[in-house]
Amino acid sequence: MSKPIIKVENLKRDFFVGDEIVHALRGVDFTITEGEFVTIMGTSGSGKSTLLNILGCLDTPTAGEYDLDGVPVRTMGKNERATLRNRKIGFVFQSYNLLAKTTALENVELPLMYNPNISSKQRHERAVKALQDVGLGDRMNHKSNQMSGGQQQRVAIARALVNQPVIILADEATGNLDSRTSFEILALMQRLHSEDKRTIIFVTHNPELAHFSSRNIVIRDGRIKEDTYNQNIKLATDVLASLPKEE
């Protein structure tokens with residue numbers, strides 16, 4: 001039996017807009033186990049971003065329970081959540097969120113700066129390995145403005161990996177990339193999932209991405225409308241091979 005990494009039960013999140021209450025999440029339940037590659041899908045206003053913020057320990061639910069790797073999150077204070085987030089979650093964002101004037105290596109080392117148990121030597125070694133794992137062993141000393149969008153997103157993935165998190169949380173991670181580069185990033189995610197047994201949650205509005213994950217959760221109006229397993233997973237490497245060669 002696989003270990004539960006994320007468990008949410010009757011998750012609700014309300015916001016006050018003026019005098020009105022907006023019910024962003026209306027009772028969400030699911031469990032994600034170790035080694036799953038899950039897409040969470042929904043249009044704008046579906047509750048997808050609210051759910052992402054809760055899963056990422058950036059926000060807390062109004063009601064319901066959220067356990068991350070066996071740790072109950074809802075009753076935690078802000079500082080406790082920040083520590084848990086840094087140790088347990090690797091984030092990959094649509095806009096990369098890299099520091100512009102620092103090298104790839106320095107960007108990847110950054111999450112480890114907040115971990116007093118890791119020495120500067122370990123920090124360097126881990127960052128080098130993470131960059132090698134995403135195919136950027138030869139670009140470690142390049143700065144963000146010297147790299148393409150796809151390379152910057154690889155740096156962001158290396159940064160997400162460096163803390164050896166229990167989950168990678170990707171928010172529209174291919175949203176700013178052209179088709180070829182999107183499938184290159186997707187192929188990398190599939191490799192991390194299959195070879196390293198990484199648990200990955202890919203939050204997206206793009207329904208095409210559901211074909212490349214092992215499970216797809218669709219959220220609409222703050223509720224889960226579908227939760228299905230993919231019996232015929234497409235390989236991003238196959239799509240890449242079929243694309244016309246760049247001149």
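Readers should treat all values here as calculations from the given coordinates under stated rules, not as data from a laboratory. None of the values given here were measured: they were computed from a predicted structure. Because the Cβ atoms are built from the backbone with ideal geometry, glycine has one as well, and the counts that use them run over all protein chains shown.
See the values below:
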{"quantity": "Pairwise centroid distance, computed over Cα atoms, of segment 113-183 with segment 221-247, Å", "calculated": "22 Å"}
{"quantity": "Over the chain: helical MRE at 222 nm, DSSP H runs n ≥ 4 each giving -39500 (n - 2.57), nearest 500", "calculated": "-9500 deg cm²/dmol"}
{"quantity": "Given charges at beta-carbon only (K, R positive; D, E negative), |dipole| of segment 80-122 in Debye", "calculated": "120 debye"}
{"quantity": "DSSP bridge pairs, segment 61-219: antiparallel proportion in percent, nearest 5", "calculated": "25 percent"}
{"quantity": "Which of SER144, HIS124, ILE157, positive extreme of dipole for segment 115-171 (C-beta unit charges)", "calculated": "HIS124"}
{"quantity": "FRET efficiency, LEU243 to GLN122 (Cβ-Cβ, R0 30 Å, nearest 0.05)", "calculated": "0.15"}
{"quantity": "Nitroxide proxy distance, nm - points 7 Å out along Cα→Cβ at TYR229 and ASP29", "calculated": "1.9 nm"}
{"quantity": "For segment 145-218, alpha-carbon Rg over 2.2 N^0.38 Å", "calculated": "1.07"}
{"quantity": "Spatial separation of Cα centroids for segment 5-64 and segment 86-106, in angstrom", "calculated": "24 Å"}
{"quantity": "Assigned charges on the beta-carbon of Lys, Arg, Asp, Glu; the chain dipole about Cα centre (debye)", "calculated": "560 debye"}
{"quantity": "Convex hull per residue volume in Å³, alpha carbons only, for segment 70-153", "calculated": "124 Å³"}
{"quantity": "Shape of the chain, Cα gyration tensor, a/c cut at 1.5", "calculated": "oblate"}
{"quantity": "Gyration tensor (alpha-carbon) shape descriptor, segment 16-75, a/c threshold 1.5", "calculated": "oblate"}
{"quantity": "Extension gain from THR75 to LYS129, taking 0.36 nm per residue of separation minus the Cα-Cα distance", "calculated": "15.9 nm"}
{"quantity": "For segment 104-247: rounded, prolate or oblate by the Cα gyration tensor [a/c cutoff 1.5]", "calculated": "oblate"}
{"quantity": "Chain lengthening between HIS205 and ASP221 when straightened (0.36 nm per residue, less Cα-Cα)", "calculated": "4.3 nm"}
{"quantity": "Restraint check, LYS88/LYS129; LYS48/LYS121; LYS7/LYS121; LYS101/LYS129; LYS225/LYS245, Cα-Cα greater than 29 Å", "calculated": "LYS48/LYS121; LYS7/LYS121; LYS225/LYS245"}
